[in-house]
Amino acid sequence: IVIALVVALFRYPFAQIPLTLGLLVYGAILYLYPSIWLVVVPALLPVFDFAPWSGWFFFDELDFVVLLTLAVGLWKSDIPLLETRPVPRLLSLAAFLLALSYGVSLMIGLLPLDPLDANAFSNYYSRYNSLRMSKGFFEALALFLFFLRQRYDESLAARNLIFGMVLGVAGTVTAVVWERFRFSGLWDFASDFRVTATFSGMHNGGNDLEAYLVLAQPFIVAAMILYPNWLAAL
């Protein structure tokens, strides 16, 4: 994992030094506070997107964070590799079936392999785009399995996850408000202008922003229940 991360950082074309320093700081904090990734990863998920500047969209900045999280977490963990928390059988079955579905879909899209030329990792019509489309699920699955190996207090883990999700929503909403302010105006609801916020992939259509906001809404409600104060309500 570390070798892949170092090689990717060495080839990364945008803000290489600030990104490397930021990852080093995050890695040090993660080593000291192993559960902090439950805040950082959800908070960065919707906003950590430099594709318009770097041109990288098959392997991006959030992948660096996920790889570093797994590397530091596995290094710090003293639990045997195959030892995990117990998981309800239905959840295990659902995760297995979903992984199987993603795996089959990945193979259908990926095979037969295209030549490794200039088009391989630079456009959405490449067969290797199947890797980009499926990596989010498999990274989430890896983080879930990693979570099952950690000795976290479950209440604290839930609070960290909720806090991270709310931070991510706040960042997304801030980007939406700023984009509307700059282009269509905050109170213009009649024009056909559609915000993209920090989701650069929407330049090609899609509903990434709306899907994220819908999936994040339960965490907002949870935050209002766990943190009964005016700031959480706001």
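The values are calculated or read from the model by the stated rules, or taken from the named source; none is laboratory data. As the structure is a computational prediction, the values presented were derived from the model and not from experiment. Cβ sites come from the backbone with ideal geometry, for glycine too, and all protein chains shown count toward neighbours. Ligands, DNA and RNA are stripped out before the accessible areas are found, and what is left, the full protein with its side chains, is counted by its heavy atoms. Shrake-Rupley method; radii C 1.70, N 1.55, O 1.52, S 1.80 Å.
Protection proxy ranking of 131-138, 42-49, by the mean of other Cβ atoms within 10 Å over each peptide's residues and highest first, is 42-49, 131-138. Beyond 23 Å, the tail of the calculated P(r) for the stretch 1-120 holds 49 percent of the Cα pairs. Overall, the accessible surface of the stretch 39-135 at a probe of 1.4 angstrom is composed of carbon and sulfur to the extent of 71 percent.
Note that the chain presents 63 Å² accessible area per residue, ligands and nucleic acids not counted, probe 1.4 Å.
Computed from label points 7 Å out along Cα-Cβ, the spacing between L74 and E154 is 2.6 nm.
Ordering L145, S126, V169 by Cα displacement along the dipole of the chain toward the positive end leaves L145 in first place; charges were set at the Cβ atoms of Lys, Arg (+1) and Asp, Glu (-1). Global size of the stretch 7-76: 12.0, 35 Å for Rg and Dmax (C-alpha atoms, Rg to one decimal, Dmax whole). Placing one identical point scatterer on every Cα of the chain and ignoring solvent, what is log10 I(q)/I(0) from the Debye formula at q = 0.10, 0.14 Å⁻¹? These q points yield log10 I(q)/I(0) values of -0.56, -1.14. When the charge dipole of the chain is built from unit charges on Cβ atoms (+1 for Lys and Arg, -1 for Asp and Glu) and taken about the Cα centre, the candidate among H203, A158, A216 whose Cα reaches farthest toward its positive end is A158.
Taking trypsin sites (Lys or Arg not before Pro) across the stretch 62-127, the ones in a DSSP loop with at most 16 further Cβ atoms lying within 10 angstrom of their Cβ are R127. Mean projected area of the convex hull spanned by the Cα atoms of the stretch 1-45, taken over all viewing directions: 3.5 nm².
Comparing N204, N123, N160 in a Gaussian network model of the chain (Cα springs below 10 Å), the most mobile by mean-square fluctuation is N204. From the alpha carbon centroid of the stretch 7-86 to that of the stretch 168-234 is 24 Å. When the chain is treated as a GNM, springs tying every alpha-carbon pair under 10 Å, which of L74, L62, L116 comes out with the largest mean-square fluctuation? In the Gaussian network model the winner is L116.
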